[in-house]
Amino acid sequence: MIAGSFRRALAQLPDPAFRGVLVKSLLISAVVFVLLGTGLWAGLLVVPATGYAWLDWAIAALSSLGFLLGMMLLFPAVMTAAIGLFLDDIADAVERRYYPGEAPGRPLATMPALWSALRFLGVVLAVNILLLPLYAILLFFPPLLYGLSLLVNGYLVGREYFEAIAFRYQPRAEANLLRRRRRGDVWLCGVLIVLLLTIPLVNFLVPIVATAFMVHVYKRLRATG
């Protein structure tokens, strides 16, 4: 089920509708990280000097390392939030190609879509900030750090993608019931998405493929219950 859905999503990657969404989502993600970097830089400027050059250097170095680590961990969330603004464009293209005989999903209004994207980004930021002490400890055990980030963000990303698609087709209560009933499948899909998002260059395409992928996953999960 997962492999077949993913192959279908990859096959549609050259679709012109997908390219337009890619450009817009990359621009939004770049703006987000520029703002975060500017905020960190401004914060460091107001931190008073300690009087010890080595300590000031250590603070600056650790802050930069933390920002780079944050970018690595949060890139999936930012791209997912950005892509959520254009989800209907991707879902419509998938429906036209693979499900022309089925009733199309209901497009999400702009403000609810924006709120959903911001809410998701806020949840992921909050969860990962709470886990920062554990992440810091696991810096000395990179495989464990990567595995924890994969599981945590896989759950969050899988849930967000699934709900964003499912809400197009059925009421929220029914969609949430289906997600809880098939939570293992949804989590596994999220882990696959986050895993691919950690691959340089490939990660720029993954959110679009993942949205199309989740349309196929939802259709099959709903059909099988």
- Conditions (1) farther than 21 Å from ALA93 by Cβ; (2) among the polar types (S, T, N, Q); (3) open to solvent by less than 30 Å² (accessible area, probe 1.4 Å); number of the one not met by THR211: (1)
- Quick one: would you say LEU10 is within 19 Å of the chain's Cα centre (by Cα), open to solvent by 70 Å² or more (accessible area, probe 1.4 Å) and either at pLDDT below 75 or among the acidic types (Asp, Glu) (or both)? no
- Message: Here is a check on your reading of the model: is TYR135 more than 30 Å from LEU108 (Cα to Cα) and in contact with a helix residue (DSSP H, G or I) (Cβ under 9 Å, 6 or more places away or on another chain)?
- Response: yes
- Query: Based on what the data block shows, is LEU35 at pLDDT 75 or above and not in a helix (DSSP H, G or I)?
  - Reply: no
- Give the stretch 149-180 a look and list any residue that's among the hydrophobic types (A, V, I, L, M, F, W, C) and over 16 Å from the mean Cα position of the chain (by Cα), or say none. ALA166, PHE167, ALA173, ALA175, LEU177, LEU178
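Report those helices (runs of 4 or more DSSP H) wholly inside the stretch 83-179 carrying at least 1 residues which are among the polar types (S, T, N, Q) and surrounded by 13 or more Cβ atoms within 10 Å (Cβ to Cβ).
On the way: elements: 87-98, 110-130, 132-138, 142-166.
Per the criteria, 110-130, 142-166.
Yes or no, residue by residue, for (1) in a helix (DSSP H, G or I); (2) surrounded by fewer than 19 Cβ atoms within 10 Å (Cβ to Cβ); (3) at pLDDT 90 or above:
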site: GLY184; (1), (2), (3): yes, yes, yes
site: CYS189; (1), (2), (3): yes, no, yes
site: LEU195; (1), (2), (3): yes, yes, no
site: PRO200; (1), (2), (3): no, yes, no
site: VAL215; (1), (2), (3): yes, no, yes
site: TYR218; (1), (2), (3): yes, no, yes
site: LEU221; (1), (2), (3): yes, no, yes
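The values are calculated or read from the model by the stated rules, or taken from the named source; none is laboratory data. Because the structure is predicted, anything quoted here is derived from the model rather than measured. Quick reminder, even Gly has a Cβ in these numbers, built from the backbone with ideal geometry, and neighbours come from all protein chains shown. Side chains included, ligands, DNA and RNA excluded: accessible areas come from the protein's heavy atoms. Shrake-Rupley method; radii C 1.70, N 1.55, O 1.52, S 1.80 Å.
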